[in-house]
1. List the number of the failed condition for residue 25; all other conditions in (1) of a type in the set (A, V, I, L, M, F, W, C); (2) open to solvent by less than 50 Å² (accessible area, probe 1.4 Å); (3) under 29 Å from residue 148 (Cβ atoms); (4) in a helix (DSSP H, G or I) hold.
2. Just to be sure I understand, how many residues within the stretch 138-162 are in a helix (DSSP H, G or I) and surrounded by fewer than 16 Cβ atoms within 10 Å (Cβ to Cβ)?
3. Inspect all residues belonging to the stretch 197-205 and state whether any of them is open to solvent by 30 Å² or more (accessible area, probe 1.4 Å), part of a loop (DSSP other than H, G, I, E, B), among the small types (Gly, Ala, Ser) and out of contact with any strand residue (DSSP E or B) (no Cβ under 8 Å at 6 or more places or on another chain).
4. Step by step: first the residues of the stretch 114-142, then only those that are at pLDDT 85 or above and polar (S, T, N, Q), then the one that is nearest to the chain's Cα centre (by Cα). Which residue is that?
5. Name, by its number, the condition in (1) part of a helix (DSSP H, G or I); (2) under 30 Å from residue 28 (Cα atoms); (3) open to solvent by less than 60 Å² (accessible area, probe 1.4 Å) that does not hold for residue 85.
6. Can you pull out every residue in the stretch 56-79 that is in a helix (DSSP H, G or I), of a type in the set (A, V, I, L, M, F, W, C) and open to solvent by less than 70 Å² (accessible area, probe 1.4 Å)?
7. Taking the stretch 28-55, which residues are of a type in the set (S, T, N, Q) and part of a helix (DSSP H, G or I)?
8. Under 7 Å by Cβ, and 6 or more places apart or on different chains, what pairs join a residue from the stretch 172-185 that is part of a loop (DSSP other than H, G, I, E, B) with one that is surrounded by 12 or more Cβ atoms within 10 Å (Cβ to Cβ)?
Amino acid sequence: MTSKEMTFVQHLVELRDILLKSVIAILVIFISLFPFANEVYSFIAAPIINVLPQGSNIIAIGVISPFLTPLKMALIMAVYLAMPYLLYQIWKFVAPALYKHEKQMIMPLVVSSTLLFYAGILFSFYVVFPVIFGFLSSVGPSIVDFTPDIQYYLDFVLKVSFAFGVAFEVPIATILLIMFGITTAEKLRKNRPYVIIGAFVLGMLLTPPDIISQTLIAIPMWLLFEAGLIFAPLFTQKEDNSIADNTDPDNNPPQPENKIKAEDDEWNDEEFDAEMDKIDQEFEKMDNESANDKADKKS
């Protein structure tokens, strides 16, 4: 068995384990939140409840909406809360293929991207939603009661909060573009007017069709873009220093830690078929053991 085949098989097994761990983490958090699904939804609905007329509440048009909507909210909250663990699992999977200086960059970027995503969600909840709902509740005709549906409100909140979470990743995107040499900080500064226009266009696409939410997402995106320009040189300078430290005296470039030692090994079809047969036998063995366990439990 060649090192290539071992790496290929091990990556498949590792990917399966990572997906399984991620699903288990989400399920554990969801099960923990499920008994408090109604309380979680009441907390999420607070921004709109505060602007409704005295004695009014949001309504449920669907028959099973009072049950399914808080359940959906709890599941999405579980995904949001598990985001640091999910990003860690992704980093853990790709880390062996990275250079040493790239690994040093990835972890700070993963941590900062997670914090920025949460900051975007909190900004939308505590700043944007009160402004939007206060505006929407005051512009309608006086003969129309402002009583949103429970499901439509949830969809609106998820769409806008996720849009702000993604928009707050602008500094990370800016740093990555500069780190990988796609562009430079000087070019981005020269194209600043186009970036500002693009922020408003993106805000129009990510948010509902009102000028308030569009402006509230475009201005932070522009400011975060400027923050990315400020911090990008720190990352690129650190990367250059790491590359210089990892380069040998003969000017050979650094190699990934999992670089295949036997590069001259050929991918032999017969060896590959034999390995795949071995994998099939292992899966059959696992299926047989599972069937035997079920039979023992029934007996």
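The values are calculated or read from the model by the stated rules, or taken from the named source; none is laboratory data. From a predicted model like this one, the values you see are computed outputs, not experimental measurements. Cβ sites come from the backbone with ideal geometry, for glycine too, and all protein chains shown count toward neighbours. Side chains included, ligands, DNA and RNA excluded: accessible areas come from the protein's heavy atoms. Shrake-Rupley method; radii C 1.70, N 1.55, O 1.52, S 1.80 Å.
1. Every condition holds for residue 25 apart from (3).
2. Of the residues in the stretch 138-162, 6 are in a helix (DSSP H, G or I) and surrounded by fewer than 16 Cβ atoms within 10 Å (Cβ to Cβ).
3. no
4. 114
5. In the conditions (1) part of a helix (DSSP H, G or I); (2) under 30 Å from residue 28 (Cα atoms); (3) open to solvent by less than 60 Å² (accessible area, probe 1.4 Å), residue 85 misses (3) alone.
6. If the condition is that a residue be in a helix (DSSP H, G or I), of a type in the set (A, V, I, L, M, F, W, C) and open to solvent by less than 70 Å² (accessible area, probe 1.4 Å), then 71, 73, 74, 76, 77, 78, 79 are the ones that fit.
7. 32, 38, 42 - these are the residues of the stretch 28-55 that are of a type in the set (S, T, N, Q) and part of a helix (DSSP H, G or I).
8. Final answer for the pair search is 183/177; 184/178.
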